[in-house]
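Q: Quick one: the structure is below, questions incoming.
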Amino acid sequence: MLSGMKQTNEYSRYLEVCEKAVHAAGKVVLDWVDRFEPRQKRAPNDLVTQADLAAQETITRIVHEAFPDHLIVGEESPAAERAASGDRFRWIIDPVDGTTNFVHGVPHYAVSLALERQGEVLVGAVFDPNARECYTAVQGRGSALNGQPIATSAARTLPEALAAVGFPYDVTRQSPDLVLFLEAATRCRSVRRTGSAALNLAYVAAGRFDLFWSYSTHVWDIAAGVLLVTEAGGVVTAPDGGPLDLDSGKFLAAATPELHAELLALARQVAP
């Protein structure tokens with residue numbers, strides 16, 4: 001890919017643009033508070049607003065000004081634009097991760113942006129515009145919150161873990177996310193469902209949550225967050241313990257290898 005000083009300089013430039021874009025998009029999202037009209041997409045709880053569209057347009061403009069040859073894939077992009085990128089650089093956008101929260105006035109949502117190439121996420125940022133918290137990560141250089149290094153917690157067992165879970169829009173009693181939740185709820189210290197996968201992963205990276213799983217996210221929900229967790233010292237795999245396929249949206253994330261092993265064993269038992 002890139003090497004030595006050139007790689008360092010390039011990655012610094014990628015991160016600079018990434019941070020600029022999420023901050024600008026966050027401002028756009030807040031500007032739309034109390035004056036948007038939600039529209040249903042695939043399900044009654046799968047919503048989009050003018051804030052989502054305007055924030056994605058803002059990110060797209062900033063990224064293309066800096067890197068006109070890079071691909072851009074966003075949650076609000078047409079399906080035709082979501083094809084595999086081959087060896088090209090691909091910016092992955094979730095303009096408002098937690099749109100349902102946004103619509104209901106719950107101040108827990110974020111802008112997520114990551115740069116990926118050949119399945120590897122190079123830089124990522126998750127920005128919470130309400131808390132003014134910007135989580136960033138660069139491959140091989142660690143994770144940070146507002147410029148200060150962060151690390152995952154030291155939790156090693158389920159009974160000491162504060163967990164997070166995300167459910168699909170069309171959740172059923174058989175959904176693996178829910179099946180695993182029902183078992184984990186009796187074994188973990190507690191379990192949270194916040195409505196934002198990007199912030200859940202950011203919280204794992206910062207040591208606020210200890211683990212997080214989902215079988216129903218999309219690449220734009222998790223691309224930046226996965227890098228945050230791994231660069232902060234955590235472990236993220238596919239639900240079977242194998243390498244994570246970002247585009248599958250299915251993963252287990254934990255603060256430590258020991259905690260991940262317990263989560264993986266439970267997942268294999270109840271949600272094979």
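The values are calculated or read from the model by the stated rules, or taken from the named source; none is laboratory data. Only a predicted model underlies this, so the values are computations on that prediction, with no experimental measurement involved. Every residue, glycine as well, gets a Cβ built from its backbone with ideal geometry; the counts of neighbours run over all protein chains shown.
Q: Of all residues in the range 219-256, which are of a type in the set (A, V, I, L, M, F, W, C), surrounded by fewer than 24 Cβ atoms within 10 Å (Cβ to Cβ) and in a loop (DSSP other than H, G, I, E, B)?
A: 238, 244
Q: Another question, then. Give me a count of the residues in the range 200-218 that are closer than 13 Å to residue 165 by Cβ and not aromatic (Phe, Trp, Tyr).
A: Selection size over the range 200-218: 8.
Q: Take the residues in the range 99-122 that are assigned to a strand (DSSP E or B) and over 12 Å from the mean Cα position of the chain (by Cα), then tell me which one is surrounded by the fewest Cβ atoms within 10 Å (Cβ to Cβ).
A: If we filter the range 99-122 for residues that are assigned to a strand (DSSP E or B), which is where we start, we get 110-117, 120-122.
Then drop every residue that is not over 12 Å from the mean Cα position of the chain (by Cα), which leaves 115-117, 120, 122.
Numbers: 115: 27, 116: 24, 117: 17, 120: 11, 122: 22.
The residue in question is 120.
Table: residues versus (1) modelled with pLDDT under 95; (2) farther than 26 Å from residue 269 by Cα; (3) touching a Ser or Thr at 6+ places or on another chain (Cβ under 6 Å).
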site	(1), (2), (3)
122	no, yes, no
129	no, yes, no
150	no, yes, yes
168	yes, no, yes
191	no, no, no
199	no, yes, no
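Q: Then there's this: When only residues in the range 1-19 that are surrounded by fewer than 17 Cβ atoms within 10 Å (Cβ to Cβ) and modelled with pLDDT of 80 or more count, which is farthest from residue 114 (Cα to Cα)?
A: Only one residue tops the list, namely 9.
Q: Out of the residues in the range 68-82 that are modelled with pLDDT of 80 or more and outside any loop (DSSP other than H, G, I, E, B), state the one that is surrounded by the most Cβ atoms within 10 Å (Cβ to Cβ).
A: First, the residues of the range 68-82 that are modelled with pLDDT of 80 or more: 68-76.
Next, only the ones that are outside any loop (DSSP other than H, G, I, E, B) stay: 71-74.
Numbers: 71: 19, 72: 19, 73: 19, 74: 22.
Among those that are modelled with pLDDT of 80 or more and outside any loop (DSSP other than H, G, I, E, B), it is 74.
Q: Looking at 123, 138, which one is closer than 27 Å to residue 100 by Cα, assigned by TED's automatic domain parsing to the domain that holds residue 16 and touching a strand residue (DSSP E or B) at 6+ places or on another chain (Cβ under 6 Å)?
A: Just a single option satisfies the conditions, and that option is 123.
Q: Then there's this: Being in a loop (DSSP other than H, G, I, E, B) and surrounded by 20 or more Cβ atoms within 10 Å (Cβ to Cβ) is the filter here, so list the residues in the range 129-178 that pass it.
A: Within the range 129-178, the first condition is being in a loop (DSSP other than H, G, I, E, B), and the residues that meet it are 129-132, 139-141, 146-147, 151-157, 161, 166-175.
Correct list: 129, 152, 153, 155, 161, 166.
Q: Spot the failing condition for residue 259; the list is (1) under 12 Å from the mean Cα position of the chain (by Cα); (2) crowded, with 22+ Cβ neighbours inside 10 Å, and only one is missed.
A: Among (1) under 12 Å from the mean Cα position of the chain (by Cα); (2) crowded, with 22+ Cβ neighbours inside 10 Å, residue 259 violates only (1).
Q: Cβ-Cβ under 7 Å, sequence separation 6+ or interchain: first residue in the range 6-35 and within 15 Å of residue 146 (Cα to Cα), partner of a type in the set (Ser, Thr, Tyr) and not in a helix (DSSP H, G or I). Which pairs?
A: Listed pairs, sorted by first residue: 15/136; 19/136.
Q: Out of curiosity, is residue 29 within 30 Å of residue 171 (Cα to Cα), among the hydrophobic types (A, V, I, L, M, F, W, C), modelled with pLDDT of 95 or more and not assigned by TED's automatic domain parsing to the domain that holds residue 166? Before the answer, list the steps.
A: Working: within 30 Å of residue 171 (Cα to Cα): yes; among the hydrophobic types (A, V, I, L, M, F, W, C): yes; modelled with pLDDT of 95 or more: yes; not assigned by TED's automatic domain parsing to the domain that holds residue 166: yes.
For residue 29, the condition - within 30 Å of residue 171 (Cα to Cα), among the hydrophobic types (A, V, I, L, M, F, W, C), modelled with pLDDT of 95 or more and not assigned by TED's automatic domain parsing to the domain that holds residue 166 - is met.
Q: Among 181, 209, which is in contact (Cβ under 8 Å) with a residue 12 or more places away in the chain and assigned to a loop (DSSP other than H, G, I, E, B)?
A: 209
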